[in-house]
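Each remark here refers to the structure printed beneath this line.
The values are calculated or read from the model by the stated rules, or taken from the named source; none is laboratory data. Keep in mind the model is a prediction, meaning the values are calculated, not measured. A quick note on method: Cβ atoms are made from the backbone with ideal geometry, for glycine too, and the neighbour counts reach across all protein chains shown.
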Amino acid sequence: MSSIDNKEEIIDNGEAQNKPKPLKKLKRVQPSRAAAPENNNGYVPKHEASSGEYVGRHEAQPGQYIPKHEAPSGRYVGKHEAPPKENSSYRGLHEAPVETSQYYDDDDEEYDDRPVKRGSWKDPVIKTLAIITSLVFIGVLILNMPILWYKKNGVKERVSIITYFKRWQPLVEIEGELDKTSVDPKVNTETVPDDDGLDLPQLVEGQYTVLFLGFDEESFNTDVMWICQFDIMAGKLRILQIPRDSAVPDFTSSPNTKFNSIYSMGDQDIQPPIQRVFNAVYQCFGIPIDAYVTTTCFDIVDMVDCVGGIPMTLDAPIQYEGVTVVDAGDVVLNGVQAEWFIRYRAGWLEGDIGRMQNQRRFMAAAMQKMLNIAKDEGKTKLYSYMKQIYDHKWIATDMSIEDLSKLVDFASNLTMDSVQVDMIPGEGSDGTKTYYGPDGVEYSIFSIHLQETIDLLNKYYRPYQQPLTTDDTAIIEWITDHAVSSYDEKTETLDEVLNSAEPARTPG
């Protein structure tokens, strides 16, 4: 009787308990091509066979072991399992039916009827999701690890990849970085909020102030100067226009002393040039600037064309340099027309002040266009326009992409009534008042009204700061006996501007 038959007899007689445990590790021997065992139906596995016992696949006689893939239905005998009980045809562990699969426990050396689950299509899906989840988790960990060096204002620190990207300022190299270390915002602790929720790099919590400068064709003078203060807590935007002819003799070497010359002709020891304008704004008006945006008249052309033009209503045609360039009525200004419209000055009765009033009208129309885009096409479309402007470098700014996106999102939720426009109070030197520069040449300047300016600033532009006093400002009044006050009250909302008439034109 073969060893297999002996083993079966011991199991049937319940004497397995006296049989010693088989070794867990068997020595592998070379198979033999000897004749099959006496019992032709018994299978001796390859690695467990004694010398002369193993019957290989190709040496088997009829009735002997048939490999898995050649076996007829119900005939397969598993590699590592002993012959089944009750002479039933045993199929391997993974091929047996779930209900009656014969399972052999290597430790107990007994047969057991256990259900065996079949594979499911869910298994690879779950495995794939587990792998993807693990990779995402690892990626998030890497993105948040402080592995990059970030340096700003002389301070160097390690930051994560996400933080580095958030702080990235791809357009700051055009104008440079602002030095704000000398700014004392004089915060009013009774009104300043603990957190305004916008998470911007602010000098004063609750507000974010941007200095906007528009250069002339030579990029020498800043003919458009706006202080755009986002009052985050109040949900408002206030825009303060600085007349380009404002006399500030302490900040420029130009004999005309005009504010628009500070960028190019200010203190040459102060670098970059944008810093000179920053300092003048803070020292004259007490407004701490958080960021800046600059552009040129040529870039305005591209930006207007990018958004598809600006709809406006003109009371009369605009003639730029003697040529009619914009017709009267309802028009959509393209890029070139928008540039002419903004720079147009000769036809206005009040000259540069008339041009500033006309720029308000363009500002109101542009704001309405932006709100319409956000409403009709969605904020995603608005962001796509902003990305094009950023990618084409039509502006220079020290704001990061994230900061600019937050401001655009805040502005898109405003209304035309929540945007207010003011102008620095003062009067021109035309008429009976004249100004002669150090070179003996007569210049037309705009003399800032000191107290009226302080009152305006305290009323609207210092909601979270202590009140400004005459000791806090470097404003010099050229004309002290005020003869003109019509420019002291130029406060309007954009809704009022949009529905207002154009500035007075020169007769004839």
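Structure data summary
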item: Residues that are within 27 Å of PHE278 (Cα to Cα) and part of a loop (DSSP other than H, G, I, E, B), drawn from region 402-432; result: LEU414, ILE424, PRO425, SER429
item: Qualifying residue in region 469-476 (condition: within 15 Å of PRO243 (Cβ to Cβ) and either in a loop (DSSP other than H, G, I, E, B) or at pLDDT 90 or above (or both)); result: yes
item: Matching residues, region 277-309, being touching an Asp or Glu at 6+ places or on another chain (Cβ under 6 Å), part of a helix (DSSP H, G or I) and not β-branched (Val, Ile, Thr); result: CYS297
item: Of all residues making up region 318-345, the number that are in a loop (DSSP other than H, G, I, E, B) and exposed (fewer than 14 other Cβ atoms within 10 Å of the Cβ); result: 4
item: Which listed residue is without any contact (Cβ under 8 Å) to a residue 60 or more places away in the chain and surrounded by 15 or more Cβ atoms within 10 Å (Cβ to Cβ), from GLU492, GLU477; result: GLU477
item: Residue list for region 389-401, filter: in a helix (DSSP H, G or I) and either surrounded by fewer than 14 Cβ atoms within 10 Å (Cβ to Cβ) or outside the structural domain of VAL293 (by TED's automatic domain parsing) (or both); result: ASP391
item: Region 216-245 - residue that is at pLDDT 95 or above and aromatic (Phe, Trp, Tyr) and, of those, farthest from TYR292 (Cα to Cα); result: PHE230
item: Pick from region 343-366, criterion out of contact with any strand residue (DSSP E or B) (no Cβ under 6 Å at 6 or more places or on another chain) and farther than 16 Å from ALA501 by Cα, ranking: modelled with the lowest pLDDT; result: ALA346
item: Matching entry among LEU237, LEU203 (being in a strand (DSSP E or B), over 20 Å from ALA396 (Cβ atoms) and within 22 Å of the chain's Cα centre (by Cα)); result: LEU237
item: Candidate set: region 495-508, residues that are among the charged types (D, E, K, R) and surrounded by fewer than 16 Cβ atoms within 10 Å (Cβ to Cβ); chosen: the one nearest to ALA366 (Cα to Cα); result: GLU496
item: Total residues in region 142-191, condition at pLDDT 75 or above and over 30 Å from ILE270 (Cβ atoms); result: 3
item: Test: residue in region 453-464 that is free of Cβ contacts under 8 Å to residues at least 60 places away in the same chain, touching a Gly at 6+ places or on another chain (Cβ under 6 Å) and either outside the structural domain of GLN275 (by TED's automatic domain parsing) or surrounded by 20 or more Cβ atoms within 10 Å (Cβ to Cβ) (or both); result: no
item: Cβ pairs under 7 Å, 6+ apart, first in region 393-406 and within 15 Å of LYS379 (Cα to Cα), second assigned to a loop (DSSP other than H, G, I, E, B); result: LYS406/LEU198; LYS406/LEU200
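One line per residue, one yes/no per condition, for (1) surrounded by fewer than 19 Cβ atoms within 10 Å (Cβ to Cβ); (2) out of contact with any helix residue (DSSP H, G or I) (no Cβ under 7 Å at 6 or more places or on another chain); (3) without any contact (Cβ under 8 Å) to a residue 40 or more places away in the chain:
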{"position": "PHE230", "(1), (2), (3)": "no, no, no"}
{"position": "LEU237", "(1), (2), (3)": "no, no, no"}
{"position": "GLN268", "(1), (2), (3)": "yes, yes, yes"}
{"position": "PRO272", "(1), (2), (3)": "yes, no, no"}
